[in-house]
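J.: Here's a structure for you.
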């Protein structure tokens, strides 16, 4: 895919959809304070974070965590601007990510009440370039940060973390205050509502113990249940979370605050 197509669809579409003409300006002092706060969180939590301002087509802040940098410094990436996305996203993932991001932002801007959006984020899985030339699957989580006078997105805080997903293109809009999420279907180019099944206390305990590396036999002994019962609980967990193995289940449950 030509890079110009990616930039036109991803960047220009976003800028056209967020109402930048009447956007709220961030005062320099406030902006610096936000950057200091986010930088502190990034360093203490060892988290890759950046702040993207779509009204100005620029990165206001990029943490020094190496996951998103591909061997560059934050200042170098800020000079590149949004064209940096073209340099690090795996070419075969670009179209899928472009579409899911566009539809996701349009979903935020046109369909959801303001109070509802404050508790939501958009998460997308894709591969990005690393300093050694390899690609790694990551989850990029976008949290709405600033809104225009028309209550459309201006800027987002973006959190980048390693993903256990076997393929790119998984995209969800998650609401933190309700047991539901919207999952993206690339075939129909739409997000569909999916209610999350709550995990039982026993299922949560088994997930937590599995995350600590305990085998089924040890979990069974400590919970006074049989190994077959442990396995049945895990099958129920996989079904509820729509995953295929315990590693994905642990990642999903932690990521979605189920444990």
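J.: Out of the stretch 113-148, which residues are in a loop (DSSP other than H, G, I, E, B) and either free of Cβ contacts under 8 Å to residues at least 24 places away in the same chain or not assigned by TED's automatic domain parsing to the domain that holds residue 87 (or both)?
T.: Listed by number, the residues that qualify are 113, 132, 133, 134.
J.: Restricting to the stretch 166-192, and then to whatever is touching a residue at least 60 places away in the same chain (Cβ under 8 Å) and in a loop (DSSP other than H, G, I, E, B), can you tell me which residue is surrounded by the most Cβ atoms within 10 Å (Cβ to Cβ)?
T.: Per the criteria, the residue is 168.
J.: Being in contact with a strand residue (DSSP E or B) (Cβ under 6 Å, 6 or more places away or on another chain) and either closer than 17 Å to residue 251 by Cα or at pLDDT 85 or above (or both) is the filter here, so list the residues in the stretch 165-178 that pass it.
T.: Hits for the stretch 165-178 are 165, 168, 170, 171, 172, 173, 174.
The values are calculated or read from the model by the stated rules, or taken from the named source; none is laboratory data. Computed from a prediction, not measured in an experiment: that's the story for all the values here. Positions of Cβ are generated from backbone atoms using ideal geometry, with glycine treated the same way; all protein chains shown enter the neighbour counts.
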